[in-house]
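The structure appears right after this line, and notes come after that.
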Amino acid sequence: MVLRTLLNRLLISLIVLVGVSMLIFGIARVIPGDPARIALGPNATTEQISKLRAEMHLDESLPSQYFHFLIDLSRGDLGTSLYTNRPVTLDIAEFLPATLELVFLAGIIMVSVGLPLGMLAARYRDSWPDSLIRVFALLTVSAPSFVWAVILMLLFAFYLPIFPIAGRISDIYEIERVTGFLTIDTLLAGNYAAFGDALRHLVLPAVALSLSGIGQAARLTRSNMVETYEKPYIEMAQAYGFFPSRIARSYAFKPSLIPSLTIIGLDFAAMLGNAFLVEAVFAWPGLSRYGVAVILRKDLNAIMGTVLIISITFLIVNIIVDLLIGYLNPRVRYSTRGSA
Amino acid sequence: MSALLDIKDLKLGFNTLAGYVDVLKGINVSIKPGEKVALVGESGSGKSVTARIILGLLQEHRDALVSGDVQFNGQNINTLSPKDRASLRGKDISMIFQDPTSSLNPVFTIKKQFLEVLSRGDEKLSRKSRVDRATQLLGTVSITDPKRVLNSYPFQLSGGMNQRVMIAMALANHPKLLLADEPGTALDVSVQAQTLSLMRDLVTQNNTAVLFISHNLGVVREFADRIYVIYKGNIVEDGPTHCIFNNAQHPYTRALLAAVPRITGTGLPDVPEVSDEFLAPYVGHMQVS
């Protein structure tokens with residue numbers, strides 16, 4: 001059953017990916033400006049430019065260019081970046097782990113802080129904890145994450161130097177690169193001091209990135225739970241004297257989590273894009289920064305690679321959320337149709 | 001015999017955005033141990049809130065104002081601490097709701113919910129013995145495959161099945177008083193009749209007192225020893241079931257009796273929405289005990 005759902009989802013995801021790649025392929029080539037000229041600079045001769053254009057199949061028709069792209073892709077080749085002069089796959093392998101590390105931690109913070117806050121607000125609805133949480137949630141949602149990045153940096157790295165101000169790790173540590181995830185690599189190297197240092201570098205950017213998600217998750221959980229509290233089965237639990245905290249944590253929370261989960265999953269995936277400004281503030285060498293840099297330089301291969309990898313992450317998160325909902329919602333789990 | 005539940009001059013009002021709303025205007029209800037009593041009235045007459053007050057749920061509602069005496073087993077529920085009130089629920093007092101399927105939590109199995117109810121009765125009971133007890137209790141409500149039912153979710157069972165589960169849960173901890181708020185109104189008539197007669201047999205066996213809340217006098221006739229008729233927050237008539245049916249004095253009770261649809265095909269009975277007659281003074285029938 002689960003396998004069928006999974007296969008179904010993977011197939012749909014593949015179709016979405018093809019669609020996204022075509023769309024971005026087209027859009028990237030419609031943006032004004034000659035990528036070859038931008039790459040070679042103002043002093044390049046016409047011959048040099050036409051040579052590069054031929055190399056990149058830029059003179060051919062759009063479908064033919066896309067065809068070349070697909071053939072290269074099937075060999076695992078995303079082409080060379082005109083910005084870094086390296087294979088795009090290498091660039092992604094270098095920058096993606098930094099972003100994923102940041103986004104994962106932010107996602108964990110979002111869920112582990114946002115959901116309990118929402119639960120608490122619904123449990124103590126219309127009393128002071130609720131008001132406090134609602135104000136907090138509204139505050140975090142209403143300012144973009146880069147504003148929080150700057151505020152957090154000023155407060156906790158500049159005025160109160162508790163956390164490092166920028167970067168992924170202090171220069172004194174030489175860590176052998178295995179996975180690209182510094183928190184994992186430092187542990188693999190057995191260097192716990194470096195691990196602590198990498199973690200400390202992660203805290204501020206991750207918190208800044210997660211804040212609006214926390215507010216969103218808290219508001220969503222609260223409103224869904226307030227609705228659930230009106231349901232007859234909650235009255236039944238109260239009538240049978242179940243403990244209020246137990247009702248909140250289990251009987252009211254679980255039915256409310258299911259509708260929230262889809263949105264939280266989308267929020268999580270959206271962090272990949274939002275990460276750019278936070279990465280910019282904290283000089284975080286991640287993929288989002290890379291993505292913006294290559295778009296500005298009209299580096300076609302790098303744009304395609306970055307967008308594809310972000311789409312894939314998005315789709316994977318979606319599949320995970322679908323599976324989670326299936327796990328949490330018995331109605332989906334026991335539905336005979338197979339696809340949820 | 002002294003009363004198990006004795007409600008004296010119970011008043012209830014709500015503070016709403018539109019001002020204060022009077023819901024109960026001083027009602028008196030008394031139930032002896034093991035007695036089956038019905039509270040009958042139309043929607044909005046205040047019957048369901050009465051059940052919530054007996055459970056002590058409305059007293060904790062911030063906009064509700066409750067006054068009067070609700071003596072249960074020698075304690076005044078209105079003045080008990082929230083903790084003491086909660087300790088009565090699910091143990092000494094339990095409740096059956098209108099729609100069994102939506103009264104059971106959709107994302108948990110029957111087993112989980114049943115075991116939770118059982119642990120309200122005895123916290124020290126092991127999981128194994130609670131499962132055994134739940135299985136045995138489901139047997140008493142004529143469920144032939146208790147194992148399957150326990151491992152099911154409410155949406156996998158029929159409404160009648162869920163109602164049986166609810167009845168078994170409600171009586172699991174041998175409550176002294178069972179509140180039945182329009183039980184099974186959401187079910188179809190034949191299933192409702194089956195589950196009601198099942199419930200009647202079980203409460204008689206267990207000697208559980210019942211407050212049966214309904215808008216339907218016909219359903220109540222088979223079930224109750226005594227009937228209270230409530231209209232707009234006032235008890236207008238009460239007495240033994242046969243007195244109410246054979247010798248109703250209050251105009252509202254008569255209108256209610258006339259409102260029971262009959263199979264003879266005389267069309268829908270005609271009951272005026274409001275009538276000055278309905279505000280006639282209270283009629284109490286003599287208790288023959």
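The values are calculated or read from the model by the stated rules, or taken from the named source; none is laboratory data. This one's a predicted model, so the numbers in the text were calculated from it and none came from an experiment. Counting neighbours? That spans all protein chains shown, and the Cβs are built from the backbone with ideal geometry, glycine included.
Within the group A:79, A:107, which residue is closer than 30 Å to residue A:210 by Cα and surrounded by 17 or more Cβ atoms within 10 Å (Cβ to Cβ)? Lay out the reasoning, then the answer.
Details: A:79 fails: closer than 30 Å to residue A:210 by Cα.
Criteria check complete, one pass: A:107.
Only residues that are out of contact with any Lys or Arg (no Cβ under 7 Å at 6 or more places or on another chain) and within 17 Å of residue A:303 (Cβ to Cβ) were counted across the range A:19-52, and they come to 17.
From the list B:39, B:80, B:65, pick out the single residue that is in contact (Cβ under 8 Å) with a residue 24 or more places away in the chain, more than 28 Å from residue B:17 (Cα to Cα), among the hydrophobic types (A, V, I, L, M, F, W, C) and surrounded by fewer than 21 Cβ atoms within 10 Å (Cβ to Cβ). Show your work before the answer.
Details: B:39 fails: surrounded by fewer than 21 Cβ atoms within 10 Å (Cβ to Cβ); B:65 fails: more than 28 Å from residue B:17 (Cα to Cα).
Among B:39, B:80, B:65, only B:80 is in contact (Cβ under 8 Å) with a residue 24 or more places away in the chain, more than 28 Å from residue B:17 (Cα to Cα), among the hydrophobic types (A, V, I, L, M, F, W, C) and surrounded by fewer than 21 Cβ atoms within 10 Å (Cβ to Cβ).
Taking the listed residues A:318, A:301, the one that is at pLDDT 85 or above and touching a strand residue (DSSP E or B) at 6+ places or on another chain (Cβ under 8 Å) is A:301, with no other qualifying.
From the list A:199, A:115, exactly one residue is closer than 27 Å to residue A:261 by Cβ and under 25 Å from the mean Cα position of the chain (by Cα). Which is it?
Details: A:199 fails: closer than 27 Å to residue A:261 by Cβ.
None of the other options fit; the residue is A:115.
Search the range B:78-108 for residues being among the polar types (S, T, N, Q), more than 8 Å from every other protein chain (Cβ to nearest Cβ) and in a loop (DSSP other than H, G, I, E, B), and hand back the single one that is farthest from residue A:333 (Cα to Cα).
Going residue by residue through the range B:78-108, those that are among the polar types (S, T, N, Q) are B:78-79, B:81, B:87, B:94, B:98, B:101-103, B:105.
Add one more test, that the residue is more than 8 Å from every other protein chain (Cβ to nearest Cβ), and what stays is B:78-79, B:81, B:101.
Cutting the leftovers down to in a loop (DSSP other than H, G, I, E, B) gives us B:78-79, B:81.
Values: B:78: 45, B:79: 46, B:81: 42 Å.
Ranking the qualifying residues of the range B:78-108, first place goes to B:79.
Of the residues making up the range A:141-159, none is free of Cβ contacts under 8 Å to residues at least 60 places away in the same chain, surrounded by 17 or more Cβ atoms within 10 Å (Cβ to Cβ) and not in a helix (DSSP H, G or I). The residue that is nearest to residue A:53 (Cα to Cα), counting only those in the range A:308-331 that are among the hydroxyl-bearing types (Ser, Thr, Tyr) and away from chain B (no Cβ under 14 Å), is A:311.
Within the range B:121-141, the only residue that satisfies the criterion of being modelled with pLDDT under 90 and part of a helix (DSSP H, G or I) is B:121. Taken over the range A:226-240, the residue count meeting the criterion of being at the interface with another protein chain (Cβ under 8 Å from one of its Cβ atoms), among the polar types (S, T, N, Q) and over 15 Å from residue B:58 (Cβ atoms) is 0. Only residues that are surrounded by 18 or more Cβ atoms within 10 Å (Cβ to Cβ) and assigned to a helix (DSSP H, G or I) were counted in the range B:203-227, giving 4. Residues that are touching a residue at least 40 places away in the same chain (Cβ under 8 Å) and within 14 Å of chain B (Cβ to nearest Cβ) are absent from the range A:262-280.
How many residues are closer than 23 Å to residue A:311 by Cβ, in contact (Cβ under 8 Å) with a residue 60 or more places away in the chain and not small (Gly, Ala, Ser) if we restrict to the range A:19-73? Within the range A:19-73, residues that are closer than 23 Å to residue A:311 by Cβ, in contact (Cβ under 8 Å) with a residue 60 or more places away in the chain and not small (Gly, Ala, Ser) number 8.
Residue count for the range B:262-283 under the criterion of being loosely packed, with under 12 Cβ neighbours inside 10 Å and either modelled with pLDDT of 70 or more or not β-branched (Val, Ile, Thr) (or both): the result is 10.
Checking the conditions here, which among A:286, A:305, A:291 is crowded, with 18+ Cβ neighbours inside 10 Å, closer than 26 Å to residue A:79 by Cβ, away from chain B (no Cβ under 14 Å) and without any contact (Cβ under 8 Å) to a residue 24 or more places away in the chain?
Values: A:286 fails: without any contact (Cβ under 8 Å) to a residue 24 or more places away in the chain; A:305 fails: without any contact (Cβ under 8 Å) to a residue 24 or more places away in the chain.
Checking each option against the conditions leaves just A:291.
Within the range A:172-183, can one find any residue that is of a type in the set (A, V, I, L, M), away from every other protein chain (no Cβ under 14 Å), farther than 30 Å from residue A:242 by Cβ and surrounded by 22 or more Cβ atoms within 10 Å (Cβ to Cβ)? Yes, the conditions are met somewhere in the range A:172-183.
Within the range B:164-200, can you find the residues that are hydroxyl-bearing (Ser, Thr, Tyr) and either farther than 25 Å from residue A:241 by Cβ or buried (at least 24 other Cβ atoms within 10 Å of the Cβ) (or both)?
Step one: filter the range B:164-200 for residues hydroxyl-bearing (Ser, Thr, Tyr), giving B:185, B:190, B:195, B:197.
Hits for the range B:164-200 are B:190, B:195, B:197.
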